[in-house]
Amino acid sequence: MASTSKMPSTSEDDLEEEFEHFDDFTLASSWERFISEIEAVCRKWLADGTKNLLKKDAICLNISEGLYKADLKYEMKSYCMEYYFGTVNDVVPGKGNDWSCVLHDLQLFFGVNEFLVIAPQSASGVVLDGPEASKLLSAVAIALSNCSSLWPAFVPVHDPSRKAYIGIQNMGTLFTRRFEADRIGSQVPVKLMHLEGLYELFVSKFAFSTEDLSTHLFEVSFKMKLTYCTLPYDEDDDVQEPEAGSTESGGSPKSNHHNKSQWDDDCPWSEWYSSEDPVRGFELIAVWSEKAFESSLDMAELENASPLEADDWLISPCLSETLTEDSDGKRIGFASQLRLLVDALEMSMEAKFIEDFVSEHSGPETVKSSAVIPPPTVLDRVLKDLFHEVEGLQLGFSDGDHKDSRTIKGAPLESLFGQFCLHALWFGDCNIRAIAIFWIEFVREVRWCWEESQPVPRMPSNCVIDLSTCLINQKLHMLSICINKKRQQEQESPKGGEQSFFPAHVKEETQVKRCLSPHDGKTQTSSGERERRGSAGVVGSMMLLESQQNMHAPFTQEPPVMTEDMHEERLQAVEALGDSFSFSAQLEKDILSSDMSAFKAANPDAVFEDFIRWHSPRDWENNDNMDSGGSHDNAIKGLTVEWPPRGKLSERMSEFGNSWRKIWNEAPPLPASEQKPLLDPNREGEKVLHYLETLRPCQLLEQMVCTAFRAAADTLNRTTFGGLKQLTTKIGQLNLTMAATLRCLQTSNLSIDTEDIQDLKRLCEIFEHVEKLITLAASLYTKFMNAPRLLESIFNDCYNFYAPRMGTVSTASEVKKDFEKKQKVGRREREIVASMFTTPTANQSWRKVLSLGNLLNGHEPTLREIIFTKHGHLSENYYGGHAPRGYQHELETYRMYISGTSNDLSVALAVASCD
């Protein structure tokens, strides 16, 4: 750049005149400054190295694991230069593993690992002017040469849809590699859709003969990757199903039937909702490793080869949006309905009666405006399904339930209340008003069972009440027992006669004992003959202390069953009475009195000490270290032994005013069959119904939430998924989290606050994550049950992909949108994978678009990628002269990457020359 200036008139005028009109070539032009800036940045990147760049502002690309980029923007020239580099050592294109990972387009095109891309900061992002592109690439090449860098540089050119590039790479003092890539977006010539034509296209780049190329032999290295996709599993669905989980007018899905088969018909949740298959299909990649071919005839033969002959198979599932994107509550499943149930719990806190939510003119305004009530026909259908007795039903804890589910104070899955809660999740939209109507009708059905002495469905009529379950389940169990005893009374008592509360075998045994002789049942004493009644047999060698007769064990009443609140009432009564009676005696006074009466009837000559020796042996102290039967045994042997045996009552039983002795003195000698029953079924049954009919809304919803979570989790736990370890661990963690979070609903005098509600809503989110994983595992299991290794590997990849969405990853940058992990298919697993590619039907034949050959069960590859390479000594090259004399190093002189379909063909060429 030239510049002139006028010198001032001074004493040095003569000296200055010598420099007038001087051209100053030391001033750099703008283009030179541009090159200098590029060089400075490249030197900085080279000096920093990849480790420092990672610590600074390098950006990880989702397209490839271990591929990063650093960029620089120029304000003057409006260009952006990006440096791409890899951090994984095995991601080196062109070294035999081109298909083993996800690569950047330029890595696939030209076999490079780290490279520069310089492009204008425009809307298109490409250089449309050819001279400008060449000048820009030259500037970058000069800058890289000045800093002795061997990085290849690329410039995007032409229209963006063509994905066209030109590039250059300095390979040292002798060689230069040039790159170019372009794309045909439509009307691909038929010849270029087949391997033979593509082979000839590549050969034409270094063969100058005008003759037919098919007659010449050129040794060319060849690699091929074919991509196959299964047809969508919902292909040709003629019947339009309603949205998953929706039913007629808000009814329960269990009471409806599917009109067509679904993928999850055999899954345990299918009776409640139909889930979208999280696996839309599979993408299979068949890879032919590098081989040498010499003619286009070899290419034609390879095109007819079966994919089963490929060197490697790689498979990847095509996941549904439910796993790749946030559902935002749109997915219908247990988790979505549990969230609605928690909302209903929040609304129930202020009301005193469940009927407050039934009327359209009562309750909160939000309930009036949003509540959806199913029609009576739906309600009748749900109640019919709920109160239908199921034969062979396993009640209580079953093998399919998780071992930690019992820590949740709910009802068992198959119990009546457990099924009620699951139905309530789907009844209407699970709003508080629909729940109120459903509960009222439910209690009416329960009362009908009581009044008609009909068994309560899905509830045991005996056994001990499980106090670890919720109170509603305990009450229903109590009612079932009361109905059973009530039915026994009605069957065994004559019409209008006295009712009996005891099983037939007890009465029969009692009648038999009445007919026994003195040693068999009657004893003669000083007071006359006494009748022994209600004996269950002799107690070993024990004898009565006064009469020296054999001691008989009596038939006794079963201990009365009690619910949790009944135990609490007894405890409160004991505390109110103070210490006048011991806790154990007061709590079991009725049972103790009944046992004493039965013992007196079976042993007419017994004294209080005899009862203690039988009922509470620890309260009888033997002073002679002999049992009470020793005298009898010795008497049989003809020995004289002191009688009665030297023993005494314990201090507790011998103290003045002992409550046990007082009860003994008051207890009449009555066999169990003639005693007043310890459990009055009529009274206890009415108490149960009163509890159910007057239950406060919040108390109902608290128990419903606990039971619904437990029942939903136990339902999902019965899914067959091949025992995948990661999922098994996750299910265990879910149950522990549920037990901890729901504990706030299991305490008496509950007052739920806002924080507790938020914890329950977060629990719904956790439940949704596990529900999705279980659904995914079930889907994969149905497809890979005969390939367990592949099943576990694919699920683990999906689990790791989904883990960031569960909150296990702190940075949002680690959440990937697309699942791209692939698993290698073993030789023995290929037939199993191939069977998933079912032969297309006539209606699906339109999907054939390539006509390429290499069919897999009638499926054509949806994409074919090929890499041709030729190695040589640069004796014949396209761009420059011959190699220097004596240079024997062989390198990849030509490389062509081809990616094609019938309407899309991309070609990228890299040529190394000696410049």
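The values are calculated or read from the model by the stated rules, or taken from the named source; none is laboratory data. Keep in mind that this is a model prediction, so the values were computed, not measured. No Cβ is skipped: glycine too gets one built from the backbone with ideal geometry, and neighbour counts run over all protein chains shown. Areas reflect the complete protein model, heavy atoms only, side chains present, ligands, DNA and RNA absent. Shrake-Rupley method; radii C 1.70, N 1.55, O 1.52, S 1.80 Å.
Being at pLDDT 75 or above and not in a loop (DSSP other than H, G, I, E, B) is the filter here; which residues of the range 841-865 pass it?
Leu856, His859, Leu863, Arg864, Glu865
Among the residues of the range 319-373, which ones are in contact with a His (Cβ under 9 Å, 6 or more places away or on another chain) and at pLDDT below 90? Can you show your working first?
Looking only at the range 319-373, we keep the residues that are in contact with a His (Cβ under 9 Å, 6 or more places away or on another chain), and these are 335, 368.
Passing the criteria: only Lys368.
Of the residues Gly722, Gly732, Gly685, Gly647, which single one is on the phi > 0 side of the Ramachandran plot and not hydrophobic (A, V, I, L, M, F, W, C)? So that I can check it myself, show each step before the final result.
Details: Gly732 fails: on the phi > 0 side of the Ramachandran plot; Gly685 fails: on the phi > 0 side of the Ramachandran plot; Gly647 fails: on the phi > 0 side of the Ramachandran plot.
The conditions single out Gly722.
For residues that are part of a strand (DSSP E or B), over 50 Å from the mean Cα position of the chain (by Cα) and surrounded by fewer than 21 Cβ atoms within 10 Å (Cβ to Cβ), scanning just the range 895-915, find the one that is modelled with the highest pLDDT. Please lay out each step first, then the result.
Of the range 895-915, the ones part of a strand (DSSP E or B) are 895-901, 904-914.
Adding the requirement that they be over 50 Å from the mean Cα position of the chain (by Cα) leaves 911-914.
Pick out the ones that are also surrounded by fewer than 21 Cβ atoms within 10 Å (Cβ to Cβ) and you get 913-914.
Numbers: Ser913: 81, Cys914: 75.
Here the answer is Ser913.
Considering only the range 683-705, how many residues are open to solvent by 10 Å² or more (accessible area, probe 1.4 Å), in contact with a Lys or Arg (Cβ under 7 Å, 6 or more places away or on another chain) and assigned to a helix (DSSP H, G or I)?
Residues that pass the stated criteria total 1.
Quick check on my filter: what residues within the range 264-310 are over 30 Å from Gly197 (Cβ atoms) and assigned to a loop (DSSP other than H, G, I, E, B)?
Of everything in the range 264-310, those that are over 30 Å from Gly197 (Cβ atoms) and assigned to a loop (DSSP other than H, G, I, E, B) turn out to be Asp264, Asp265, Asp266, Cys267, Trp272, Tyr273, Ser274, Ser275, Glu276, Asp277, Pro278.
Of the residues Glu180, Glu248, Glu196, Glu241, which is at pLDDT 90 or above, among the acidic types (Asp, Glu) and surrounded by 12 or more Cβ atoms within 10 Å (Cβ to Cβ)? Reasoning before the result, please.
On the way: Glu248 fails: at pLDDT 90 or above; Glu196 fails: at pLDDT 90 or above; Glu241 fails: at pLDDT 90 or above.
Just a single option satisfies the conditions, and that option is Glu180.
Return yes when Ser779 is over 16 Å from the mean Cα position of the chain (by Cα) and either within 25 Å of Trp269 (Cα to Cα) or at pLDDT below 90 (or both) and no when it is not.
Working: over 16 Å from the mean Cα position of the chain (by Cα): no; either within 25 Å of Trp269 (Cα to Cα) or at pLDDT below 90 (or both): yes.
Judged against the criteria, Ser779 is not a match.
Scan the range 216-231 and report the pairs whose first residue is within 30 Å of Pro840 (Cα to Cα) and whose second residue is in a loop (DSSP other than H, G, I, E, B) and not aliphatic (A, V, I, L, M), with Cβ atoms within less than 6 Å and a gap of 6+ or a chain change.
Lys225/Trp99; Leu226/Asn854; Leu226/Pro861; Thr227/Pro861; Thr227/Thr862; Tyr228/Pro861; Cys229/Thr862; Thr230/Phe837
For the range 723-730, check the following and say yes or no: at least one residue is of a type outside the set (A, V, I, L, M) and in contact with a His (Cβ under 9 Å, 6 or more places away or on another chain). Full working, then the answer.
Start the filter on the range 723-730 by keeping residues that are of a type outside the set (A, V, I, L, M), which leaves 723, 725-726, 728-730.
Restricting the remaining residues to those that are in contact with a His (Cβ under 9 Å, 6 or more places away or on another chain) gives 730.
Checked against the condition, which is being of a type outside the set (A, V, I, L, M) and in contact with a His (Cβ under 9 Å, 6 or more places away or on another chain), the range 723-730 yields at least one hit.
Tell me yes or no: at least one residue of the range 132-140 is part of a strand (DSSP E or B), crowded, with 22+ Cβ neighbours inside 10 Å and touching a residue at least 60 places away in the same chain (Cβ under 8 Å). So that I can check it myself, show each step before the final result.
Restricting attention to the range 132-140, the residues satisfying the condition of being part of a strand (DSSP E or B) are none.
No; the residues of the range 132-140 include none that is part of a strand (DSSP E or B), crowded, with 22+ Cβ neighbours inside 10 Å and touching a residue at least 60 places away in the same chain (Cβ under 8 Å).
Looking at (1) surrounded by fewer than 20 Cβ atoms within 10 Å (Cβ to Cβ); (2) under 30 Å from Leu314 (Cα atoms); (3) among the β-branched types (Val, Ile, Thr), find the lone condition where Ile757 falls short.
(2) is the only condition that Ile757 fails.
What pairs can you find where one residue is in the range 706-721 and in contact (Cβ under 8 Å) with a residue 12 or more places away in the chain, the other is crowded, with 23+ Cβ neighbours inside 10 Å and among the basic types (Lys, Arg), and their Cβ atoms are less than 7 Å apart, with a gap of 6+ or different chains?
So the pair list comes out as Cys706/Lys409.
Would you tally the residues in the range 712-761 being in a helix (DSSP H, G or I), over 16 Å from Asp404 (Cα atoms) and of a type outside the set (D, E, K, R)?
First pass over the range 712-761, keeping only residues in a helix (DSSP H, G or I): 712-717, 725-745, 754-761.
Among the residues that remain, those that are also over 16 Å from Asp404 (Cα atoms) are: 725-726, 744-745, 754-761.
Going one step further and asking which of them are of a type outside the set (D, E, K, R), we end up with 726, 744-745, 754, 757-758, 760.
Counting residues in the range 712-761 that are in a helix (DSSP H, G or I), over 16 Å from Asp404 (Cα atoms) and of a type outside the set (D, E, K, R) gives 7.
Would you please name the residue that is modelled with the highest pLDDT, looking only at residues in the range 199-230 that are outside any helix (DSSP H, G or I) and either small (Gly, Ala, Ser) or in contact with a helix residue (DSSP H, G or I) (Cβ under 6 Å, 6 or more places away or on another chain) (or both)?
In the first step, residues of the range 199-230 are kept if they are outside any helix (DSSP H, G or I); the result is 204-212, 216-230.
When the remaining residues are screened for being either small (Gly, Ala, Ser) or in contact with a helix residue (DSSP H, G or I) (Cβ under 6 Å, 6 or more places away or on another chain) (or both), the result is 204, 207, 209, 218, 221.
Details: Ser204: 87, Ala207: 78, Ser209: 57, Phe218: 77, Ser221: 91.
That would be Ser221.
Check Thr4, Thr26, Thr10 and return the single one that is at pLDDT below 75 and in contact with a His (Cβ under 8 Å, 6 or more places away or on another chain). Full working, then the answer.
On the way: Thr26 fails: in contact with a His (Cβ under 8 Å, 6 or more places away or on another chain); Thr10 fails: in contact with a His (Cβ under 8 Å, 6 or more places away or on another chain).
Unique residue meeting the criteria: Thr4.
Of (1) closer than 24 Å to Ala47 by Cβ; (2) in contact (Cβ under 8 Å) with a residue 40 or more places away in the chain, Ala153 satisfies all except one. Which?
Ala153 satisfies all of (1) closer than 24 Å to Ala47 by Cβ; (2) in contact (Cβ under 8 Å) with a residue 40 or more places away in the chain except (2).
Assess whether Ser161 counts as being of a type outside the set (Lys, Arg), surrounded by fewer than 18 Cβ atoms within 10 Å (Cβ to Cβ) and assigned to a loop (DSSP other than H, G, I, E, B).
Working: of a type outside the set (Lys, Arg): yes; surrounded by fewer than 18 Cβ atoms within 10 Å (Cβ to Cβ): yes; assigned to a loop (DSSP other than H, G, I, E, B): no.
For Ser161, the condition - of a type outside the set (Lys, Arg), surrounded by fewer than 18 Cβ atoms within 10 Å (Cβ to Cβ) and assigned to a loop (DSSP other than H, G, I, E, B) - is not met.
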